[in-house]
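The values are calculated or read from the model by the stated rules, or taken from the named source; none is laboratory data. Just so it is clear, the structure is predicted and the values come from calculations on it, not from any experiment. A quick note on method: Cβ atoms are made from the backbone with ideal geometry, for glycine too, and the neighbour counts reach across all protein chains shown. Side chains included, ligands, DNA and RNA excluded: accessible areas come from the protein's heavy atoms. Shrake-Rupley method; radii C 1.70, N 1.55, O 1.52, S 1.80 Å.
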Amino acid sequence: NAGVTQTPKFRILKIGQSMTLQCAQDMNHNYMYWYRQDPGMGLKLIYYSVGAGITDKGEVPNGYNVSRSTTEDFPLRLELAAPSQTSVYFCASGSSQPYEQYFGPGTRLTVT
Amino acid sequence: DQQVKQNSPSLSVQEGRISILNCDYTNSMFDYFLWYKKYPAEGPTFLISISSIKDKNEDGRFTVFLNKSAKHLSLHIVPSQPGDSAVYFCAASGGSGGSNYKLTFGKGTLLTVNP
């Protein structure tokens, strides 16, 4: 049982480039989330999904897009990368009750 | 405005002693609280949770206490072990608009347990 997997683990982007962070879960969870964590800060919610075909913005959605075509996958798209998007990105999944979320190992992204 | 606050960025304790990590919240609609542990270069892992209908929940060496009137919760680790050294995040869920499935995180407290 792999849980939540994320690829890649590390990535360096140039300003203006685009990329997709992949996230998959095998726990049949309806809820999936993308967070970013900046140094010394907590996790900030970027986007979330309550089921296949349904996504919504979190606290810091600007510069990102998501899609949820299947229950298992929840990719995060960065368009026109900016230095402010340098961060560690975590994907998580969870069920409706209880509300624990289970996190992937993270993707460390640097934009230069 | 931070709705979940962990005012101590770091805490250092001796092995075998008690570690107490604190968390305050401002949103009175929060009704479910969680603690996560995070090692470097790994994702956060769920540790323990408590519903607002309880004031204590225990799991082995970990106990979470909730004081709703003070909007305060704490995580007690007894006895502390060097492997407990990690960043601990407090999180809360609940509120209006069906947002029970969204978590609000504090900034974390780095716990160091010295042998």
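Counting only aspartates and glutamates at least 8 places from A:K14 when in the same chain, those with an alpha carbon closer than 18 Å to its own are A:E79. Per-residue extension of 0.36 nm, minus the Cα-Cα distance of A:S96 and A:K44, leaves a gain of 16.7 nm for this segment. Going by the alpha-carbon gyration tensor, a ≥ b ≥ c the square roots of its eigenvalues, is the protein assembly as shown rounded (a/c under 1.5) or, if a/c is not under 1.5, prolate (a/b greater than b/c) versus oblate? Note, shape of the protein assembly as shown comes out prolate. Kindly count the pairs of lysines across chain B whose alpha carbons are less than 23 Å apart, treating pairs on different chains or eight or more residues apart as eligible. Taking the Cα cut-off of 23 Å, the pair count is 28. Each part reduced to its alpha carbon centroid, the stretch A:59-86 and the stretch B:1-46 end up 27 Å apart. Evaluating 6.51 cos²θ - 1.76 cosθ + 1.60 at θ = phi - 60° for every residue in the stretch B:14-22, the Karplus couplings come out as 8, 3, x, 8, 8, 10, 10, 10, 10 Hz, glycine and proline recorded as x.
A simple spin-label model places the labels of B:H76 and A:A82 4.7 nm from each other, with each point 7 Å out along Cα-to-Cβ.
Ignoring ligands, DNA and RNA, what percent of the accessible area of the stretch A:18-112 is carbon or sulfur (1.4 Å)? Carbon and sulfur atoms account for 49 percent of the accessible area of the stretch A:18-112.
Report the net charge of residues surrounding B:S49, where surrounding means a beta-carbon distance below 13 angstrom and charges are Lys +1, Arg +1, Asp -1, Glu -1.
Details: positive: B:K37, B:K54, B:K56; negative: A:E100, B:D31, B:E58, B:D59.
Neighbour charge sum, excluding B:S49 itself: -1.
Label separation (A:S67 vs B:L110): 4.0 nm, computed from points 7 Å beyond Cα along the C-beta direction.
Looking only at other chains, what is the average number of their beta-carbon atoms within 10 angstrom of each beta-carbon in A:10-23?
Per residue, the number of nearby Cβ atoms from other chains is 0 on average.
Label-to-label distance for B:D1 and A:V60 is 2.1 nm, based on points extended 7 Å past Cα in the beta-carbon direction. Applied to the stretch A:32-43, the Karplus parametrisation 6.51 cos²θ - 1.76 cosθ + 1.60 on θ = phi - 60° returns per-residue 3J(HN,Hα) values of 9, 9, 10, 10, 10, 10, 9, x, x, 10, x, 8 Hz, with x for Gly and Pro. Computed over protein heavy atoms with a 1.4 Å probe, the carbon and sulfur contribution to the accessible area of chain B reaches 49%.
How large is the accessible surface per residue of chain A, computed with a 1.4 Å probe and reported in Å² as a whole number?
Using a 1.4 Å probe on heavy atoms only, each residue of chain A averages 47 Å².
Other residues with beta-carbon under 14 Å from the beta-carbon of A:Y33 carry, at +1 per Lys or Arg and -1 per Asp or Glu, a net charge of +1. Charge tally around A:E59: other residues with Cβ under 10 Å, Lys/Arg +1 each, Asp/Glu -1 each, net +4. Taking amide H positions as modeled 1.01 Å from N, with prolines and chain starts lacking one, the residues under 5 Å from B:I48 and 5 or more places away or on another chain are B:W35. With contacts taken as Cα pairs under 8 Å and at least 6 residues apart, chain A reaches a relative contact order of 36 percent.
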